[in-house]
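The values are calculated or read from the model by the stated rules, or taken from the named source; none is laboratory data. All figures in this text were calculated on a predicted structure; none of them were measured in a lab. With ideal geometry, Cβ positions are generated from the backbone for all residues, glycine too; neighbour counts draw on all protein chains shown.
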Amino acid sequence: MDPSRSVPVGERDGSGIVGTLIMTQLGEHRTRIEIKVSQPAGADMPAHVHLGQCNGDVTPQPKYPLANVQDGRSVTEIPVAVPELETIAHVVNIHKSNEELNVVVACSQLSWSHAIIPTGPDAVGSAVPGASGAMHSMHGSSPAPGGAASPAPSQP
């Protein structure tokens with residue numbers, strides 16, 4: 001496996017925020033997530049890894065917080081291997097601001113289209129220990145033209 005994989009970041013609700021997310025395997029259980037997007041000047045946009053799908057349901061509680069996107073860029077190391085991010089349905093949501101976390105302005109689908117989508121309180125990889133694994137629709141968001149906010153990465 002190539003140690004790095006690039007996936008598109010797709011806009012939500014006409015935000016105009018698009019770009020690329022690069023996952024780099026750093027070790028057995030470490031991955032660097034690098035986000036590069038177009039962004040309004042001065043914007044400070046929170047980003048998180050969630051369980052779910054860009055064009056479907058997403059757990060509201062983040063699984064991994066990421067560094068806020070500032071000046072169009074964010075780099076964070078998280079304690080998980082790339083294969084887990086790809087085989088269990090994970091997305092990165094970029095939010096409008098710290099004050100408007102409910103507004104998702106861009107999304108990147110990290111997993112393959114056939115990824116396992118966990119559900120129920122005992123879901124594999126639940127967002128928070130003891131929290132429900134139930135999925136919730138992303139309110140206030142719509143897919144990009146063509147039906148998906150961010151297409152699944154192509155397999156090698």
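Brief remarks on what is shown
- Qualifying residue in segment 57-75 (condition: touching a Lys or Arg at 6+ places or on another chain (Cβ under 8 Å), surrounded by 17 or more Cβ atoms within 10 Å (Cβ to Cβ) and of a type outside the set (Lys, Arg)): no
For (1) basic (Lys, Arg); (2) within 29 Å of PRO40 (Cβ to Cβ); (3) in contact with a His (Cβ under 8 Å, 6 or more places away or on another chain); (4) at pLDDT 90 or above, each residue gets a yes or a no:
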position	(1), (2), (3), (4)
PRO65	no, yes, yes, yes
GLU86	no, no, no, no
VAL91	no, yes, yes, yes
VAL103	no, yes, yes, yes
SER108	no, yes, no, yes
ILE116	no, no, no, no
GLY120	no, no, no, no
HIS136	no, yes, no, no
HIS139	no, yes, no, no
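- Residue match in segment 23-31 (condition: within 14 Å of SER108 (Cα to Cα) and at pLDDT 95 or above): yes
- Verdict on GLY14 being surrounded by fewer than 21 Cβ atoms within 10 Å (Cβ to Cβ), over 11 Å from the mean Cα position of the chain (by Cα), farther than 15 Å from VAL104 by Cβ and not hydroxyl-bearing (Ser, Thr, Tyr): no
- Enumerated strands (runs of 3 or more DSSP E) restricted to segment 10-59, each holding at least 2 residues that are touching a His at 6+ places or on another chain (Cβ under 6 Å) and not aromatic (Phe, Trp, Tyr): 44-51
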